[in-house]
């Protein structure tokens, strides 16, 4: 073993320490520091036959390349707790990994005008999921579908629950539908194209409308129109049967009127 420094209260550095011939490099004092390549140049970690080195201070911009020695290996950072800071400084927004008691993540672009890109070369992005939970997926399959789910079937997905408008479709030559437009939070439901249609319950089932209905153009109805009775004793009837009933009563009234006219004419003749 070779020792450098040490003596008195100073801490020595050691080469060839123990059975594994370890190297322990220390400053002589706890307040001191160890400087490596402080006049420039690169530092390589690991490397050698069959292993991939990590490099500090590479090239003109002094890049760092951090790798595991083998492609099957891993690089572990802060696995005993603590926080990781990305960027920051006097002119950049800082991102945090492992912030606070819950280990929260805050991901920020370095500048307010910047952006964060995820999977911009393709691939899926999963949100949530895990044991017993459903994942939401962005970029699923050949058409890069978006599947938005709550983690549990009993859960819910909330959109704009603090107010604001939701737009569906739109862009290019497509017409947008709007939910929550204006102060009254109106809904505007449109097909993407003027020649398109909006289908409601086209596989069957009831549709309830709670208020007045205004129709700007023709109304085409393939089935019957039912009319609710005005009292509990009156059953629900179709508009067709109600009109036929009214027609029958009108016919009776006209027949009665003809009989009255005939009686009046006979009385005048006397």
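The values are calculated or read from the model by the stated rules, or taken from the named source; none is laboratory data. Since the structure is predicted, the reported quantities are computational estimates derived from the model, not experimental observations. Cβ sites come from the backbone with ideal geometry, for glycine too, and all protein chains shown count toward neighbours.
Brief remarks follow.
- Filtering 23, 75 for residues that are outside the structural domain of residue 108 (by TED's automatic domain parsing) and within 33 Å of the chain's Cα centre (by Cα) leaves a single hit, 75.
- None of 47, 110, 5, 69 is surrounded by 13 or more Cβ atoms within 10 Å (Cβ to Cβ), touching a strand residue (DSSP E or B) at 6+ places or on another chain (Cβ under 6 Å) and either assigned by TED's automatic domain parsing to the domain that holds residue 138 or farther than 30 Å from residue 137 by Cβ (or both) except 5.
- The numbered conditions (1) under 14 Å from the mean Cα position of the chain (by Cα); (2) part of a loop (DSSP other than H, G, I, E, B); (3) surrounded by 10 or more Cβ atoms within 10 Å (Cβ to Cβ) are all true for residue 138 except (2).
- Screening residue 90 on (1) under 30 Å from residue 2 (Cβ atoms); (2) assigned to a loop (DSSP other than H, G, I, E, B) shows it passes everything except condition (1).
- Pair list, Cβ under 6 Å, 6 or more apart: the stretch 78-96 residue surrounded by 11 or more Cβ atoms within 10 Å (Cβ to Cβ), other residue in a loop (DSSP other than H, G, I, E, B): 84/78; 87/110; 92/110; 93/108; 93/110; 94/88; 95/107; 95/108
- Of the residues in the stretch 213-225, at least one is in contact with a helix residue (DSSP H, G or I) (Cβ under 7 Å, 6 or more places away or on another chain) and surrounded by 10 or more Cβ atoms within 10 Å (Cβ to Cβ).
- Against the test of being within 30 Å of residue 84 (Cα to Cα), loosely packed, with under 11 Cβ neighbours inside 10 Å and in contact with a strand residue (DSSP E or B) (Cβ under 9 Å, 6 or more places away or on another chain), the options 129, 122 yield a single qualifying residue, 122.
- Positions within the stretch 141-171 being within 13 Å of the chain's Cα centre (by Cα), more than 30 Å from residue 184 (Cβ to Cβ) and in a loop (DSSP other than H, G, I, E, B), in sequence order: 149, 151
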